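J.: Before we start, here is the structure in question, set down as structure tokens.
The values are calculated or read from the model by the stated rules, or taken from the named source; none is laboratory data. This structure is a prediction, so every number in the text was calculated from the model and none was measured. Cβ placement follows ideal geometry from the backbone for every residue including glycine, while neighbour counts extend to all protein chains displayed.
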Ligand SMILES: Cc1cc2nc3c(=O)[nH]c(=O)nc-3n(C[C@H](O)[C@H](O)[C@H](O)COP(=O)(O)OP(=O)(O)OC[C@H]3O[C@@H](n4cnc5c(N)ncnc54)[C@H](O)[C@@H]3O)c2cc1C
Ligand SMILES: NC(=O)c1ccc[n+]([C@@H]2O[C@H](COP(=O)([O-])OP(=O)(O)OC[C@H]3O[C@@H](n4cnc5c(N)ncnc54)[C@H](OP(=O)(O)O)[C@@H]3O)[C@@H](O)[C@H]2O)c1
């Protein structure tokens, strides 16, 4: 049987899915509504798929943020420890060029509907420049990303100033001279607060709990590289050491006016930021409690403090969404997400999710390994376990980290444990750096 695989997305996960399918001689096409490779890493001043802003640099260091098939050393040996969005976009596009992926990607094409018809049949409706097209494929790989559909908070009352989500925050300049309130304690909130504080009249940050903040460097090394040195330790011990290190590094949170931390490290997705604490101690960012209500241009906080603001920026995360599936068929937006290795569906054998996990670390090295495993299964060199349903349930009930029950915490994995689990299933010679010469190129249009 000739298999034909559709890949949704040509971001960091979609391109590695495509590359590894083609690598095994499988007929595959990727669809992307963007006009180039890069997904979230294609910065644009206009609202787009991307949620990065002018000054975004990654929070996972280059050492732990590279495809094994295409290390940064090969791309550009001078790549800094924490590359900018622009360097990353170039890296992903260089990967696509190196492995000759461009002829296999249909750009400016939205995947509108995916209908599962049986074990070897998907009917997929796409739209390119207003024209609909229906095609059949044997398998579907979903790599549509999970940081693009804003999740807005809601509060009693109405805010009459400017209200936006971090997805549409593109640069600090428009906030010059304004009184800004940033909501959230994740990486977007802390990055946005630091950036606006450079130009604003005032910047405050509202947290609904205390967060562990990890600096980007320890002892002159990227923090994730330092943490990697303890990956052989049980998670509990790693957590203990991380906490000790962070307590020594920052001292008492009371001195910063921040809410106390009540949960262990890892119980929320880690926030990595060098500048926030400096900005707080320099009086440039003011910590605030959770919001109780809006009253016109005023915000009332849960401790009774009432302040006037010109702009509120909600950095409150993203929905996990698959709008091309019927909601009765697949809807993971409110969790749980019972998928084996965060990619195999318990019942549908010809469906794969690539990159749909939230590591304490980088996404695309794991997406690369998932892609290799998907290809191994399609060519019949690997079989999924028979008890896959039980394994899916097990992943949900025994996650690597027991996290607080907020919407962003449904797909968390520990980077090192996840990579190890995926590698266990792959052949020893899974790294493949040689550019592929494809026997035939698909007719894309
Ligand atoms: C500000 C910010 C900083 C981040 N920093 C890091 C970091 O330091 N390290 C890290 O590992 N992760 C980081 N992330 C997470 C980010 O999700 C990943 O870096 C990475 O982009 C995931 O790649 P992906 O291919 O899975 O998704 P995306 O990059 O989102 O790509 C998905 C692609 O699918 C396409 N697509 C979606 N739906 C459709 C459709 N229906 N039809 C056609 N095409 C479609 C999109 O156009 C897009 O090109 C960050 C996220 C944000 C918002
Ligand atoms: N420089 C970078 O590389 C960078 C920059 C930005 C983002 N990112 C990545 O992008 C992804 C998304 O990050 P994100 O920061 O945008 O989102 P996020 O990780 O989902 O964080 C959302 C934050 O908003 C809070 N929140 C959600 N709803 C709220 C509400 N109703 N009221 C008050 N607070 C609320 C959450 O609180 P809880 O703790 O209670 O859930 C959390 O602190 C992550 O993977 C992140 O690492 C990376």
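J.: Regarding residue 358, is this residue under 19 Å from the mean Cα position of the chain (by Cα), surrounded by fewer than 24 Cβ atoms within 10 Å (Cβ to Cβ), closer than 30 Å to residue 265 by Cα and modelled with pLDDT of 95 or more?
T.: Yes: the conditions hold for residue 358.
J.: Another question, if that's okay. As an exercise: evaluate residue 213 against (1) under 18 Å from residue 191 (Cα atoms); (2) under 22 Å from the mean Cα position of the chain (by Cα); (3) away from ligand 2 (no atom under 13 Å from the Cβ) and give the number of the one condition it does not meet.
T.: Just one mismatch for residue 213, condition (3).
J.: Within the range 28-84, can you find the residues that are on the phi > 0 side of the Ramachandran plot and either part of a loop (DSSP other than H, G, I, E, B) or not assigned by the TED database to the domain that holds residue 144 (or both)?
T.: If we filter the range 28-84 for residues that are on the phi > 0 side of the Ramachandran plot, which is where we start, we get 38-39.
38 - this is the single residue of the range 28-84 that is on the phi > 0 side of the Ramachandran plot and either part of a loop (DSSP other than H, G, I, E, B) or not assigned by the TED database to the domain that holds residue 144 (or both).
J.: So residue 369 clears everything in (1) in a loop (DSSP other than H, G, I, E, B); (2) out of contact with any strand residue (DSSP E or B) (no Cβ under 9 Å at 6 or more places or on another chain); (3) in contact (Cβ under 8 Å) with a residue 24 or more places away in the chain; (4) on the phi < 0 side of the Ramachandran plot except one condition, right? Which one?
T.: (1)
J.: Hey, another quick one. Consider residue 13 carefully, then state whether it is buried (at least 23 other Cβ atoms within 10 Å of the Cβ), under 27 Å from residue 220 (Cβ atoms), at pLDDT 95 or above and within 12 Å of ligand 1 (Cβ to nearest atom).
T.: Criteria not met by residue 13.
J.: In the range 240-276, how many residues are in contact with a helix residue (DSSP H, G or I) (Cβ under 6 Å, 6 or more places away or on another chain) and in contact (Cβ under 8 Å) with a residue 60 or more places away in the chain?
T.: Qualifying residue count for the region: 5.
J.: Inspect all residues belonging to the range 292-307 and state whether any of them is within 25 Å of residue 51 (Cα to Cα) and either within 15 Å of ligand 2 (Cβ to nearest atom) or under 26 Å from the mean Cα position of the chain (by Cα) (or both).
T.: Step one: filter the range 292-307 for residues within 25 Å of residue 51 (Cα to Cα), giving none.
Within the range 292-307, not a single residue is within 25 Å of residue 51 (Cα to Cα) and either within 15 Å of ligand 2 (Cβ to nearest atom) or under 26 Å from the mean Cα position of the chain (by Cα) (or both).
J.: In the range 143-160, how many residues are more than 12 Å from ligand 2 (Cβ to nearest atom) and crowded, with 16+ Cβ neighbours inside 10 Å?
T.: Residues that pass the stated criteria total 3.
J.: Here is a further query. Being more than 13 Å from ligand 1 (Cβ to nearest atom) and assigned by the TED database to the domain that holds residue 186 is the requirement here; does residue 120 meet it?
T.: On the way: more than 13 Å from ligand 1 (Cβ to nearest atom): yes; assigned by the TED database to the domain that holds residue 186: no.
It is false that residue 120 is more than 13 Å from ligand 1 (Cβ to nearest atom) and assigned by the TED database to the domain that holds residue 186.
Residues checked against (1) exposed (fewer than 15 other Cβ atoms within 10 Å of the Cβ); (2) closer than 15 Å to residue 415 by Cα:
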{"position": "246", "(1), (2)": "no, no"}
{"position": "257", "(1), (2)": "yes, no"}
{"position": "266", "(1), (2)": "no, yes"}
{"position": "291", "(1), (2)": "no, no"}
{"position": "297", "(1), (2)": "yes, no"}
{"position": "301", "(1), (2)": "no, no"}
{"position": "306", "(1), (2)": "yes, no"}
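J.: If I filter the range 89-102 for residues that are part of a loop (DSSP other than H, G, I, E, B), within 16 Å of ligand 2 (Cβ to nearest atom) and closer than 29 Å to residue 172 by Cα, do I get at least one hit?
T.: Kept after step one, since they are part of a loop (DSSP other than H, G, I, E, B), are these residues of the range 89-102: 99-101.
Those left that are additionally within 16 Å of ligand 2 (Cβ to nearest atom): none.
No, the range 89-102 has no match at all.
J.: Hey, another quick one. One residue is enough: does the range 126-148 have a residue meeting the conditions part of a helix (DSSP H, G or I) and under 22 Å from the mean Cα position of the chain (by Cα)?
T.: No, the range 126-148 contains no residue that is part of a helix (DSSP H, G or I) and under 22 Å from the mean Cα position of the chain (by Cα).
J.: Take the residues in the range 166-187 that are assigned to a strand (DSSP E or B) and touching a helix residue (DSSP H, G or I) at 6+ places or on another chain (Cβ under 9 Å); name whichever of them is nearest to ligand 1 (Cβ to nearest atom). Spell out the reasoning first.
T.: Within the range 166-187, the subset assigned to a strand (DSSP E or B) is 179-183.
From what's left, touching a helix residue (DSSP H, G or I) at 6+ places or on another chain (Cβ under 9 Å): 180, 182-183.
Details: 180: 18, 182: 14, 183: 16 Å.
For the range 166-187, the residue satisfying everything is 182.
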